[in-house]
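Each remark here refers to the structure printed beneath this line.
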Amino acid sequence: MAHVELENGSIRIESEFREKELIKTVPGTRWDNNARVWRCPLSWASCVALRGVFGKSLTVGPDLAIWALAERDGRVAPCLVLRASEDAEGNEKLYPFQRVGVAFLKAAGSALLADEMGTGKTVQAIVTLQEQGAWPALIVCPNSMKRTWFKELEKWAPEVSTIVLESGLAARHKALEAFAELVESGAPAALVVNWEALRLHTRLAGYGSIRLTDEEKEKRELNAFLWEAIVADECHRAKDPKAKQTRALWGVSAKAKRRIALTGTPVANSPLDLWSIMHFCSPEEWASRTRWVDRYALQSWNNFGGMDIVGLKSEHRDELFSYLDPRFLRRPKEAVLPDLPPKTYAKRYIELGSKQRKAYNQLRKEMIVELESGVLVASHPLQRLTRLVQFASAYGEMVEDGLRLTEPSCKVDALEEIAEELGGKQAIVFAESRQLIELAATRLHKLSYTCSQITGSVSPADRQANVDNFQAGETQFILATLGAGGEGITLTAADTTIFLQRSFSSVKNSQAEDRNHRIGQDRPVEVIDIIAADTIEEHVHEIMLGKQAKLEEVARDEATIKQWLS
């Protein structure tokens, strides 16, 4: 048995020595050598895990009991009620489910809003900040979304002064000085910064055995502000705890009163992706990644002798969800936007021309270095697989700076056929490779189609102009790389999305699919995949289905849809 009590802002655990290994299974526990007791963070998650470990043999001291009852009645229970609600009081300009989202974020304090793409997460976050007066606020978002956040803040919170950190060190410093003056004056203010620039203006948080340099430990401009709220948009970008942009987010939010994470794809490869995001939302509840994995994650050996997370342990699923759900809200579009037109899928299998096929087969043979027990072994396998995907899309030539895609291209040939079939209708074209996008744009221009591009080489201002022109019907095609155009933009002028290539990342694919299947779309949406037959691309699509199943394990969309339909 064990006894727990609130002491000095943490939970003190007293137990017999033989229960040491049991105590260590609670994420976040540590041995206090001075007091000769175990301690864990003061959080609802710790309370749930302790009860799960010790059951009825756990006794709770009066101070901790008072804290736990207040936490349950003040945050946990209201959030669980809202998760099952279809409407709530609030801004009448919002959809009923969006009012629930605002109420949930206000009740949770810090949470992950994981509604599917196109359901207005940005608006829900802004209205939450506005109704709580949570200024100053820091908005961290993709580079392509900075102008969108500026416009949405102007629309939904017009009294707030918004400053966007643009490119260029001198310009950013000038903007930060202007923002500091706004905050000092007491005016409600918001600062918008892209993910890549964030780590240049904040200290980094540590993680595990990663050693911080003196420069990384040093406080910077963003650490000088007492943030009322920090919003991490497309927060799946912070799923890797070792990445500097993830630790920059943790570092800048250390003293923030409210943290809101937004993404329609919270799980890309395994449930472990969730840990870094939730550590941002509530570091006390998600304190130890290793202990969290040991307690909740189902692991399996992979072909390379390492361990992969393949799911959640069934015996601890309910325990995990009991503290995740009060900080996690997700509503699939089928449930909250039943009038949204359906999305259908079509696959077009095409054959490689003789020149392309010869180059593809030659590269494939070069990749096979050794064949053992049916396992393909090759040097730099991911790089070579990516190159193989490129050769399945167009003819490739090796030049000094790498691979250059050229004609002939079976993918561009297929796109030309589809363009003719569309008969003037607008369409979105995606590919992983910028070179393939440029090949396709060149072909469409020669055929007198109007088109524009969204790639890494296009400036943010020109990207927004291209989007605006497309939405206004001034161009028929908008061609985008999955990296530059797959997030944060609305392209509802088109009801057709064409994938020349898919990504190995299910997040990129899902995000891109919903650029036009979102609020504002009034026509059925068709997603067309152009797939090179008898190539690696067929296997990429199989992999994507497996990753979608892992998202469903955490998101539980099917259960939500059944609940709403009933």
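Descriptive notes on the structure:
- The range 61-110, subset in contact with a Pro (Cβ under 8 Å, 6 or more places away or on another chain) and of a type in the set (A, V, I, L, M), residue farthest from residue 276 (Cα to Cα): 88
- Residues that are within 29 Å of residue 462 (Cβ to Cβ) and basic (Lys, Arg) are absent from the range 200-210 altogether.
- The residues of the range 525-535 that are surrounded by fewer than 19 Cβ atoms within 10 Å (Cβ to Cβ) and farther than 27 Å from residue 426 by Cα amount to a single one, 534.
- The set of residues in the range 241-261 that are more than 10 Å from residue 230 (Cβ to Cβ) and either assigned to a helix (DSSP H, G or I) or modelled with pLDDT of 95 or more (or both) comprises 244, 245, 246, 247, 248, 250, 251.
- Test: residue in the range 291-305 that is at pLDDT below 95, assigned to a strand (DSSP E or B) and of a type in the set (A, V, I, L, M): yes
- In summary, strands (runs of 3 or more DSSP E) completely within the range 1-53 and bearing 2 or more residues that are buried (at least 16 other Cβ atoms within 10 Å of the Cβ) occur at 2-7, 10-15, 37-41.
- Residue within the range 206-228 that is within 21 Å of the chain's Cα centre (by Cα) and either buried (at least 21 other Cβ atoms within 10 Å of the Cβ) or on the phi > 0 side of the Ramachandran plot (or both) present: no
- Residue 85 meets the conditions (1) within 25 Å of the chain's Cα centre (by Cα); (2) buried (at least 21 other Cβ atoms within 10 Å of the Cβ) in every case but one. The failed one is (2).
- Residue 154 more than 23 Å from residue 511 (Cβ to Cβ), surrounded by 13 or more Cβ atoms within 10 Å (Cβ to Cβ), acidic (Asp, Glu) and within 28 Å of the chain's Cα centre (by Cα): no
- Selection within the range 420-450: residues that are at pLDDT 90 or above, out of contact with any Cys (no Cβ under 9 Å at 6 or more places or on another chain) and of a type in the set (Gly, Ala, Ser). The member of this set that is surrounded by the most Cβ atoms within 10 Å (Cβ to Cβ) is 431.
- Test: residue in the range 168-176 that is touching a strand residue (DSSP E or B) at 6+ places or on another chain (Cβ under 7 Å), of a type outside the set (Phe, Trp, Tyr) and more than 20 Å from residue 487 (Cα to Cα): yes
The values are calculated or read from the model by the stated rules, or taken from the named source; none is laboratory data. What you are looking at is a predicted structure, and each value in this text was computed from that prediction instead of being measured. Please note: Cβ atoms are built from the backbone with ideal geometry, for glycine as well, and neighbour counts cover all protein chains shown.
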